[in-house]
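Beneath this line is the structure, given in structure tokens, with notes to follow.
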Amino acid sequence: MTETAHKLPEIHLTDTLTGEKVRLETLEPGAVGIYCCGPTVYDMSHIGHARAALAPDVMVRVLRQLGYRVKYVRNVTDIDDKIIARAAEQGLEAGVIAARYTDEYHADMQRLNMLPPDVEPRVSDHLPQIIDMVQELVDQDLAYAADDGSVYFRVTRFDGYGKLSGRSREEMLESAGIRIEVDDRKESPLDFALWKAAKPGEPAWDSPWGQGRPGWHIECSAMSSTHLGDTFDIHTGGRDLIFPHHENEIAQSEGAHGDHTFARYWVHNGFINFAGEKMSKSLGNFWTIREILKLYTPEALRYFLMSVHYRSGLNFEVELPEDDLSDEEARRQARFPGLEEADERVAYVYTTLQGARELLATGKPVDRDGEVAEAVAGMRESFLDALRNDFNTPAALGVLSKPLHEVNALLASGKGVPKDVRRRTIARFVDDMEAVADALGCFGDDPARYLAARRDLKADRIGLDTARVNELIDARNAARANRDWAEADRLRDELAAMGVSVKDGPDGTVWDL
RNA sequence: GGCGGCAUAGCCAAGAGGCUAAGGCGACGGUCUGCAAAACCGUUAUCCCCGGUUCGAGUCCGGGUGCCGCCUCCA
């Protein structure tokens, strides 16, 4: 416990357990342990996975920027029914499938600029801890082995059951069996598997109950206590995991550890909804990260995901072409209005940063002490205030608007502002945008490189003939030099028809998509 | 059927009882420009309905309506 730890800025977050926004009081001052339910690696990740990874990513970034020491743990579920099923389909070992999609997940996360977790535990590396935990629960009579060698958690013995999802055991019992058949190996319909007896041909490990594998929920209980302790600060995941997954984690962990609080705060991200054009079954109802990144930059996707608070639902509008195209081709030509807007916004920020850097690169070094235009002076603090308040990324992004306008105005004209104030304001903006970029994982690239990469991506997407564009631009510049406006405008229309917009500036003509 | 969440401008979206309800997109008007584009400036809402608590409610409580999610190893 240090002096500075007490001075760290306050963080508030919404805890699913109470449904209220509360001040984060960490177990150990100045330090935060976060556990995130990571992917089950049986297929390519979709944008929902990106959202689930982004929520803790922003938390870790913000907490670290504010001076907290963070231990970020995100697991990989590499033993699971779906993996086994996929392996069987493809005639491969389950481990091969898991390894492949773990790699793909890492590749997606890296492209999306997600911080790597400090520890990334895999279920297959934690069998001893899992078995110990199941044994502990059996010893405490909180679990029982069935005749076939499966072990179930005895929900009737854990009084807190239902506290996260807001249900009572009585309610759940009433609705049990309505939608799924009750398994007669279980004492109660509410009981859930801690250990599943192996069927022939499935991956299996030795245990006191025979060959088998872990149930889904126990892994997170075992891995979180291994890497963060029996009690830790924040547990994150998608809303769908509240019940049963996280409810069961609480039962297992608090049961096994003698009623110690498991996670002190539960943070759940909302879902992505598909709106707009109704998607048919044949087209599938999800979009992979990989597909999206063929069409938009990773930062555009990040920005899009951050434009709505993590707890809310996010409408992912999709416009599919009307033509009678193959599913594959239709998906390749899909448009996403939300992403489109995000993409242009990110480009606007980078264009501003580029202009700012160019201006600062000329002339004398800037004296940082002294007056700065108001809109920019307060940006950093307001920005962080928004993020300290339940990691409110849309509010934080909103804070950037006025400074961006101010800087663009200053770049366009220094009129009415003392020269040193102008340069100092722009310099401050560039400096503080580094902190912004650090917190958001966005806007941190070199502006020129980003904008070029974005243009290339869009050119590829529409199959643009870049050489032809340059020819037309040259021809148009020649016409303009001759003040042949009719011809110049005709050429501009021709470019526009190709999707190219031109901008005539004092330093010549540039084009964009 | 049970549980939970959400309803703010044409669209998207902040708002943890109290300054004139952020911001973005779009639209309209203007500056700049050969004309444009970009950029900048300006305009563009009383918060689903009813009742209540309070000096004061978008923000709390009750009821209604409408969406959505979970109750199925789906982020």
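For this structure, a couple of remarks:
- Our summary of shape: the Cα atoms of chain A have principal axis extents of 92, 64, 37 Å, ordered from largest down, in whole angstrom.
- Options A:271, A:127, A:308, ranked by Cα towards positive dipole end of chain A, top entry (Cβ charges): A:308
- Here residue A:18 and residue A:260 are evaluated by their C-beta separation; at R0 = 22 Å the FRET efficiency comes out at 0.75.
- Sparse-neighbourhood loop sites, trypsin sites (Lys or Arg not before Pro) in region A:315-385 - DSSP loop, at most 11 other Cβ within 10 angstrom: A:368
- Local electrostatic count, residue A:235, Cβ distance below 9 Å [Lys/Arg +1, Asp/Glu -1]: -1
- Distances between placed amide hydrogens fall under 5 Å for residue A:38 paired with A:75, all partners being 5 or more residues away or on another chain.
- Part-to-part distance (alpha-carbon centres) for region A:196-266 and region A:61-78, which is given in Å: 20
- Remark: region A:286-424 carries a charge dipole of roughly 940 debye about the Cα centre, counting +1 on each Lys and Arg Cβ and -1 on each Asp and Glu Cβ.
- For chain A, the longest site-free run once GluC sites (Glu not before Pro) in DSSP loop states with at most 14 other Cβ atoms within 10 Å are removed: A:372-513
- 3J(HN,Hα) along region A:70-79: 10, 10, 10, 10, 9, 8, 10, 8, 10, 10 Hz, from the Karplus curve 6.51 cos²θ - 1.76 cosθ + 1.60 with θ = phi - 60°, whole Hz, x for Gly and Pro.
- Using the Cβ-Cβ distance between residue A:446 and residue A:385 with R0 set to 35 Å, the FRET efficiency from 1/(1 + (r/R0)^6) comes to roughly 0.80.
- Total charge dipole magnitude, region A:372-513, about the Cα centre, Cβ charges on Lys, Arg, Asp, Glu only, Debye to nearest 20: 360
- Less than 5 angstrom separates the built amide H of residue A:316 from those of A:273, A:274, A:275, all sequence-distant by 5 or more or on a different chain.
- Semi-axes of the equivalent ellipsoid for region A:306-411, computed as √(5λ) from the eigenvalues of its C-alpha gyration tensor and ordered from largest down, come to 37, 20, 9 Å.
- Amide H partners (placed H, <5 Å) of residue A:70, local residues excluded: A:32
- Per residue, region A:340-447 exposes an accessible area of 46 Å² to a 1.4 Å probe, with every protein chain left in place.
- Pairs from the list A:415/A:458; A:71/A:402; A:82/A:196 with a Cα-Cα gap above 26 Å: A:415/A:458; A:71/A:402.
- Dipole magnitude for region A:464-512: about 80 debye, using +1 per Lys or Arg Cβ and -1 per Asp or Glu Cβ, origin at the Cα centre.
- Dividing the helix sum by the residues of chain A, where each DSSP H run of 4 or more adds -39500 (n - 2.57), gives a mean residue ellipticity at 222 nm of -14500 deg cm²/dmol.
- The label-point distance for residue A:69 and residue A:496, in a model that sets each label 7 Å from Cα toward Cβ, rounds to 6.1 nm.
- The residue among A:153, A:26, A:443 whose Cα reaches farthest toward the positive pole of the charge dipole of chain A, with charges on the beta-carbon of Lys, Arg, Asp and Glu, is A:443.
- Projecting the Cα positions of A:469, A:143, A:394 onto the charge dipole of chain A (unit charges on Cβ atoms of Lys, Arg, Asp and Glu, taken about the Cα centre) puts A:469 furthest along the positive direction.
- Phi-derived couplings, Karplus 6.51 cos²θ - 1.76 cosθ + 1.60 at θ = phi - 60°, listed residue by residue for region A:114-121: 7, 5, x, x, 5, 9, 10, x Hz, with x used for Gly and Pro.
- Additional length obtainable on full extension of the chain from residue A:140 to residue A:486, 0.36 nm per residue less Cα span: 115.8 nm
The values are calculated or read from the model by the stated rules, or taken from the named source; none is laboratory data. All values reported here derive from a predicted model rather than from experimental measurement. So basically every Cβ, Gly included, is an ideal-geometry build from the backbone, and we count neighbours across all protein chains shown. To get the accessible areas, we keep the full protein, side chains included, count just its heavy atoms, and leave off ligands, DNA and RNA. Shrake-Rupley method; radii C 1.70, N 1.55, O 1.52, S 1.80 Å.
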